[in-house]
1. Does B:Arg229 satisfy being surrounded by fewer than 16 Cβ atoms within 10 Å (Cβ to Cβ), in contact (Cβ under 8 Å) with a residue 24 or more places away in the chain and charged (D, E, K, R)?
2. Checking B:Gly259 against (1) out of contact with any Gly (no Cβ under 6 Å at 6 or more places or on another chain); (2) outside any helix (DSSP H, G or I), only one condition comes out false. Which one?
3. Go through region A:163-216 and give me each residue that's of a type in the set (A, V, I, L, M) and away from chain B (no Cβ under 14 Å).
4. For region A:247-279, which residues satisfy the criterion of being away from chain B (no Cβ under 13 Å), in a helix (DSSP H, G or I) and buried (at least 24 other Cβ atoms within 10 Å of the Cβ)?
5. What number of residues within region A:227-246 are closer than 15 Å to B:Val230 by Cα and surrounded by fewer than 24 Cβ atoms within 10 Å (Cβ to Cβ)?
6. Can you tell me which residue in region B:229-256 is nearest to B:Gln139 (Cα to Cα), limited to those that are within 14 Å of another protein chain (Cβ to nearest Cβ) and assigned to a helix (DSSP H, G or I)?
7. Can you say whether A:Gln311 is more than 14 Å from chain B (Cβ to nearest Cβ), at pLDDT below 95 and surrounded by fewer than 22 Cβ atoms within 10 Å (Cβ to Cβ), as far as the supplied structure shows?
8. Which of the helices (runs of 4 or more DSSP H) found entirely inside region A:27-128 contain at least 1 residues meeting this: surrounded by 22 or more Cβ atoms within 10 Å (Cβ to Cβ) and modelled with pLDDT of 90 or more?
Amino acid sequence: MKRKIFGVLLSAAMLGAMLTGCGNSENAETRGTASTEADGSAAAGEKSGGYRVAYIARAQSDSFAAWLANEMQAAAEQYDDISLDVFDGQADDEKENAAIENAITNGYDAIIVQPNNGEAQRPYVEKIVEAGIVAITTNARIDGIEGASSVDADPYKQAAVNAKLALEQIPENANVVVLNGPSGNFHADKRREAWQAEFFDKRSDVTIVGEQIANWNKDEAVQYMEDWVTSNDRIDAIISMNDNMAAGALEVVTGKEEFKDILAYGVDGTAEACLLIQDGTMTATCLQSAIDLAKLNLETVHKLLTGEETQIDTDIEEVLITKDNSENYVQMYKNSGLLDN
Amino acid sequence: MKTKSKNQLMEKYSIFIVLLFMIILCTFLNRNFLSTGNISNIMKQLAVPTILAYGEMLLIISGMLDLSSGSVLALSGVLSVSCYKASGSLMLALLAAIAIALICNLINALMVTNFKAPPFIATLAMQMVARGIALFYTQGQNILQLDNYVIFGQGTLGPVPISIIFMAAITVIIWYLLRHTRFGRSLYAIGGNEEAAVASGINVAKNKYVVFILNGILVGICGVLFMSRVNAGLPNGAIGYEMEGLTAAIVGGTSFSGGVGTTMGTLAGAFIIGCLNNIMNLIGVDSYIQQIVKGAIIALAVIWDIRSKSKKSTRVILAEDKGKACTSYTTKKEKES
């Protein structure tokens with residue numbers, strides 16, 4: 001039995017060694033500064049006095065949500081009178097709602113909610129307001145809650161800036177493929193709506209030769225694109241509702257002579273998309289900067305807590321990234337450690 | 001007697017007949033289906049699910065299963081990517097992925113054999129732990145700029161994609177292990193009737209460890225193939241891939257009751273699912289309909305499995321070395337259910 005226990009300990013030690021040994025050079029790249037709690041039991045903020053703010057993240061497993069959570073923590077560091085605790089909704093309405101209830105019970109001064117599903121969290125955000133606690137919904141906002149504030153990026157505008165550029169760039173009688181986010185997701189639906197109104201309704205000559213839900217995932221997009229490339233002799237553009245899926249589709253056609261002029265549009269402005277745009281592989285994306293979103297959230301919560309304002313609805317600006325300005329954003333990611341220098 | 005053997009033949013090769021029928025149908029539905037490019041696509045897309053399915057098949061045959069393979073794949077993949085970025089060595093990256101997946105599976109084996117935890121629960125726990133470590137390690141962020149690492153999933157050796165070579169080599173190895181070794185026969189015996197296997201002198205615990213070790217090696221290789229295919233270290237990648245592996249194995253005739261399953265059947269099962277996904281994309285079937293069709297196919301496969309179990313009896317033969325003494329167990333499947 002002792003040998004078996006020793007075996008377990010050895011395995012654990014090996015795993016630990018792999019984690020620390022292999023990852024040394026990655027630490028700066030992948031590790032953010034946020035300390036997060038998955039079970040809704042975050043420790044109280046370290047700053048004494050001041051305001052206690054709870055941030056309920058949609059899902060720490062979602063790369064954008066994780067980035068936003070890290071940036072929220074970093075932005076909170078800039079305020080001497082704010083301590084921020086991050087809770088993980090684990091992409092589950094029930095867990096996210098429970099985290100909101102716990103935060104109300106724990107008497108936080110403000111609660112910022114990044115909804116998993118706006119309508120499912122609506123009654124719980126209303127409870128925050130009823131408890132007299134400052135409530136903010138962010139990425140995406142929940143509309144129409146009296147007394148609650150919101151900070152967001154407008155998903156319609158984010159896609160629309162791409163669609164307007166595509167109006168000029170996509171050739172006549174083009175064949176395009178469309179990659180959608182999860183059905184029912186506010187940002188996925190609004191971005192697709194923008195492409196319809198701002199591009200497809202105005203360009204009846206364009207044919208959609210393939211359209212699927214790839215759930216924001218790069219690996220699913222790779223598979224769809226492989227099949228579309230087989231069934232279509234010509235694809236002129238990839239229209240994707242986020243950068244991850246656009247990058248996945250591009251992975252399939254990169255290096256293929258017949259697709260060297262393919263256009264590709266995404267949203268989010270991820271580090272990978274900025275690199276692809278800089279290389280000339282991808283055409284454009286709209287930056288949904290977690291850094292800006294986090295800063296604006298903290299600025300808003302500070303104004304509300306100090307009584308400077310009582311209700312705020314605000315959006316970050318939608319910045320179109322093309323080859324012309326991609327270098328600035330690649331540098332931004334290099335500075336933040338998300339890309340190698 | 002003649003009818004009986006005809007039935008047995010049908011039963012034995014029915015999955016291949018289904019696959020053949022599907023290929024013919026798909027060829028009629030889309031002219032590109034049988035093109036070299038598309039066949040290569042299907043095989044590249046199937047490499048990871050098929051290799052995972054072999055691991056699941058070995059476990060199911062011996063009366064277990066692995067719900068952690070998708071998460072362990074992600075963990076081993078992101079750590080392998082990190083290793084590559086730190087060391088620049090492809091071999092070290094591959095070994096790191098295998099080592100990590102192996103450790104996770106050794107812990108699974110320890111839970112199942114020594115602590116008698118049901119495989120469902122033990123591997124479910126590992127699923128959560130492995131995914132958690134992958135997310136914690138990367139802080140939920142994708143690892144980018146993989147350079148030559150993509151060679152595993154995107155490179156070719158001559159005209160043949162490397163991922164397909166991995167799949168083919170593993171298919172041969174698993175087929176040989178299962179069909180031509182004492183270890184393979186022991187797995188059928190353990191899954192068919194564990195107590196009888198113990199009574200006949202089979203070291204059940206040791207064999208279970210070996211199955212998990214093999215599964216670990218397969219999952220580790222999948223971690224590398226997956227991450228290099230998408231050219232990123234995705235900590236939230238491969239969610240639900242264990243179900244793809246399980247589905248391929250079950251559709252291919254592996255019985256959840258244990259003791260039944262073949263390598264070629266699993267390969268055929270994976271190809272049926274792969275062809276189904278591929279043709280639905282080629283002809284532009286709506287996402288929602290795709291889910292319904294896939295669900296229906298899985299349901300049909302399970303019904304097929306249950307019906308065939310109730311009709312036939314399974315004969316598990318435990319052969320001693322060099323075919324000297326043979327002990328046979330005939331298990332009426334009605335009795336099992």
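1. No; evaluated as a whole, the condition is false for this residue.
2. Just one mismatch for B:Gly259, condition (1).
3. In the first step, residues of region A:163-216 are kept if they are of a type in the set (A, V, I, L, M); the result is A:163, A:165-167, A:170, A:174, A:176-179, A:188, A:194, A:197, A:206, A:208-209, A:213-214.
Hits for region A:163-216 are A:Ala163, A:Leu165, A:Ala166, A:Leu167, A:Ile170, A:Ala174, A:Ala194, A:Ala197, A:Val206.
4. Hit for region A:247-279 is A:Ile277, nothing else.
5. Matching residues across region A:227-246 total 0.
6. Within region B:229-256, the match that is nearest to B:Gln139 (Cα to Cα) is B:Val230.
7. Judged against the criteria, A:Gln311 is a match.
8. Values: elements: A:27-30, A:63-77, A:93-105.
Helices (runs of 4 or more DSSP H) meeting the threshold: A:63-77, A:93-105.
The values are calculated or read from the model by the stated rules, or taken from the named source; none is laboratory data. On a predicted model such as this, the values are computed, not experimentally measured, just so you know. Counting neighbours? That spans all protein chains shown, and the Cβs are built from the backbone with ideal geometry, glycine included.
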